[in-house]
Amino acid sequence: MSIYAFAEMENGKAKRIYASAKYPSRQIGNVFADCDERINLKHADELPLKIQNFYAVVAFRPSHILLSRDVLAGKPLYFDNTTLTFSSFKHYFEEEPLEVLGGEVIKISYEGEVLERRRFRFEDVFKPKKIEVDEAKEAILKLLEKYGNKIKNGCVAFSGGVDSSLLAGLYDLPLVTVTASKEEREWVKECAKRIGREIEVYEFDENVVKDVLPDVTKAIETQDKLQLSIAIPIYLCMRFAKSLGFGEIVFGQGADELFGGYKRYENMDYKELEFELRKDLMEIGERNLVRDNKIAYANEIKLHTPYLQWDLIKIALSIPTELKVKRNGEVVRKYILREIAKEVIPKDMAYRDKKAIQYSTGTSKILRRL
């Protein structure tokens, strides 16, 4: 459930509060949060500016209840101020809850009145850094490398694509993957071998997908077919990692939005591409990260996304779009990331074009049959 709290009401006021936090969320006093950083309530009115990370927080203060999320809205948080119920999942509410929006700071009285609702914008937090391209490449590599120090009992979700291969090359962590494709299985084994690593592979089939479909649907709280086709291999990968004894897992989320990885970017002119990259980054929480974090909560495993460090995002925003989608006879998506990656992993691995997870693992094909 991650964060869950509700009030026992008497005469229109909270008489008693019941609250809990399951890993990877945690409780410190009257603060319930999923955040890598310490929540300093001295800065309560401007938490989205002060916490340089993804977070969702519910804090019970003497005069009010404080709710807040980061501007990218990567971690879910819902509420019902009439019943004073708060949760990371919608299904804990009897009626459709309200959502704490990205960048919001909300204050609610113990009578259920919304006292204040203030929202910070993407532009308030992410101001591009002025930096030369070579300096940017070096800084990105250093930030990714340094991030590995945060991971204590984790593994890398490895697909053989440039995003996860670069992280696997940087971190001395075990590799795991799931697939229903024999071709994919052999490829990831070969890739792992080429960077001198062992990999644990979980092979699934139609029966496994059929079995987990209700659990995945409940976890991500939608029956959208595209979302389910992406969520199933992510769910299976996290469940597999948990069964192997890992409490943390590293994914390559964010690289496509930051460096121009989606196929649809290929035919855009650079002005349109710049707009779409920014838009996709601003919507990454709603489209991807809420889904992935809900799956992590369901498996009680911590999700790491090294590409989505605040400082790295600011650097990526400063990189010219023509270095993200390179057009020189042929189109190369994520060009600058591939140039960074070839310093760590074999060049052909860095430049391999890879299908999206729902296609490469065979999940989409299985769902169509089901």
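The values are calculated or read from the model by the stated rules, or taken from the named source; none is laboratory data. A quick note: this is a predicted structure, and the numbers were derived from the prediction, not measured. Here Cβ is always computed from backbone atoms with ideal geometry, including for glycine, and neighbour counts include all displayed protein chains. Calculation scope for accessible area: heavy atoms of the full protein, side chains included, ligands and nucleic acids excluded. Shrake-Rupley method; radii C 1.70, N 1.55, O 1.52, S 1.80 Å.
What the table shows:
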item	result
By average C-beta atoms within 10 angstrom, highest first, the peptides 151-159, 55-63, 134-142, 116-124	151-159, 55-63, 134-142, 116-124
Mean Cβ count within 10 Å, highest first, over the residues of peptides 168-179, 308-319	168-179, 308-319
Debye equation applied to the C-alpha atoms of the stretch 210-281, log10 I(q)/I(0) at 0.11, 0.25 Å⁻¹	-0.42, -1.06
Long pairs among LYS22/LYS50; LYS182/LYS225; LYS142/LYS225, criterion Cα-Cα beyond 27 Å	LYS142/LYS225
Estimated [θ] at 222 nm from DSSP helical runs (n ≥ 4, -39500 (n - 2.57)) normalised by residues in the chain, nearest 500	-10500 deg cm²/dmol
Point-charge dipole on Cβ atoms (K/R +1, D/E -1) for the stretch 38-124, about Cα centre, debye to 20	460 debye
For the stretch 347-363, Karplus couplings with θ = phi - 60° (6.51, -1.76, 1.60), whole Hz, Gly/Pro x	4, 5, 5, 5, 9, 5, 7, 10, 6, 5, 4, 5, 8, 5, 7, x, 5
Rounded accessible area per residue of the stretch 1-44, 1.4 Å, Å²	60 Å²
Dmax and Rg, reported as Rg then Dmax, of the stretch 299-338 (C-alpha, Å)	14.1, 47
Globularity index of the stretch 25-129, i.e. its alpha-carbon radius of gyration over 2.2 N^0.38 Å	1.02
Cβ charges +1 (Lys, Arg) and -1 (Asp, Glu), total dipole of the chain, debye	420 debye
Kirkwood-Stokes translational diffusion coefficient of the stretch 116-265, alpha-carbon pairs, 20 °C, 1.002 mPa s, µm²/s	121 µm²/s
Cα-derived Rg over Rh, computed across the stretch 58-188 with Rh taken as Kirkwood radius	1.12
Environment charge at ALA350 (Cβ cut-off 9 Å; Lys +1, Arg +1, Asp -1, Glu -1)	+1
Translational diffusion of the stretch 1-69, µm² s⁻¹ [Kirkwood Rh, Cα pairs; Stokes-Einstein; 25 °C; 0.890 mPa s]	193 µm²/s
Percent accessible area from carbon and sulfur atoms, the chain, protein chains only, probe 1.4 Å	46 percent
Long-range Cα-Cα pairs in the stretch 211-370 (distance over 25 Å), rounded percent	37 percent
Cα-based radius of gyration of the chain once divided by 2.2 N^0.38 Å, which approximates compact folds	1.01
With Cα atoms, 0 to 90° folded angle of helix 182-194 axis to the chain main axis	80 degrees
Semi-axes of the equivalent ellipsoid for the stretch 288-370, Cα gyration tensor, largest first, Å	28, 21, 13
Charge dipole of the stretch 1-103 about the Cα centre (unit charges at C-beta), most positive-ward option of PHE86, HIS43, GLY12	HIS43
The stretch 154-227: C-alpha pair distances exceeding 18 Å, %	48 percent
P(r) histogram, all alpha-carbon pairs of the stretch 118-165 included - 10 Å bins from 0, percent	18, 32, 33, 16, 0
The stretch 39-86 - Rg over Rh from alpha carbon coordinates, Kirkwood radius	0.96
